[in-house]
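The values are calculated or read from the model by the stated rules, or taken from the named source; none is laboratory data. The structure displayed is predicted, hence computed values, not measured ones. Here the Cβ is made from the backbone with ideal geometry for all residues, glycine too, and neighbour counts use every protein chain on show.
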Amino acid sequence: MSVKHYLLTTEGEIREYDPERAAQVAARDTALPEFAGRDIHYVQVWVDDAPKGNELHVRTAGAIVHFDDTGRFEEATMPEDGDDTLRFAHDTCIQLALEQSYQEPYTLH
């Protein structure tokens with residue numbers, strides 16, 4: 001299973017972070033100064049590396065992450081009900097994860 005980590009900036013960018021960097025940020029070992037003092041949408045995408053037949057399993061999780069004044073991870077909270085931004089973010093990040101991993105045509109659901 002591969003895991004992708006994405007942060008969605010308030011400027012509309014989607015930034016992918018490798019698992020090692022994401023773990024360093026979560027452990028507060030690495031700062032992201034560009035996000036200092038901000039709340040950012042975070043999406044994690046798991047993609048099954050061994051599809052069975054014509055099925056590919058994908059799971060997502062998301063949160064709002066808060067960075068302190070230095071850009072270190074401070075806390076993660078669940079988005080409010082009705083936050084369509086995070087739902088859109090999940091769909092978009094799934095598309096990115098599949099696009100980068102699978103060159104064959106696939107059906108989007």
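From the list Ala23, Ala36, Ala27, which residue is within 22 Å of Leu96 (Cα to Cα), surrounded by fewer than 16 Cβ atoms within 10 Å (Cβ to Cβ), modelled with pLDDT of 95 or more and out of contact with any helix residue (DSSP H, G or I) (no Cβ under 9 Å at 6 or more places or on another chain)? Give the steps one after another, and end with the answer.
Working: Ala36 fails: within 22 Å of Leu96 (Cα to Cα); Ala27 fails: within 22 Å of Leu96 (Cα to Cα).
On inspection, the qualifying residue turns out to be Ala23.
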Only listed residue being out of contact with any helix residue (DSSP H, G or I) (no Cβ under 8 Å at 6 or more places or on another chain), hydroxyl-bearing (Ser, Thr, Tyr), in contact (Cβ under 8 Å) with a residue 12 or more places away in the chain and farther than 14 Å from Gln95 by Cα, chosen from Tyr42, Tyr17
Tyr42
Conditions (1) outside any loop (DSSP other than H, G, I, E, B); (2) charged (D, E, K, R); (3) loosely packed, with under 13 Cβ neighbours inside 10 Å -> Glu74 fails only (3)
Can you name the condition, by its number, that Gly12 falls short on among (1) of a type outside the set (S, T, N, Q); (2) in a loop (DSSP other than H, G, I, E, B); (3) touching a residue at least 24 places away in the same chain (Cβ under 8 Å); (4) over 14 Å from Val65 (Cβ atoms)?
(3)
Starting from residues that are over 22 Å from Glu75 (Cβ atoms) and in a strand (DSSP E or B), keep the ones in region 17-60 and report whichever is farthest from the chain's Cα centre (by Cα).
Lys52
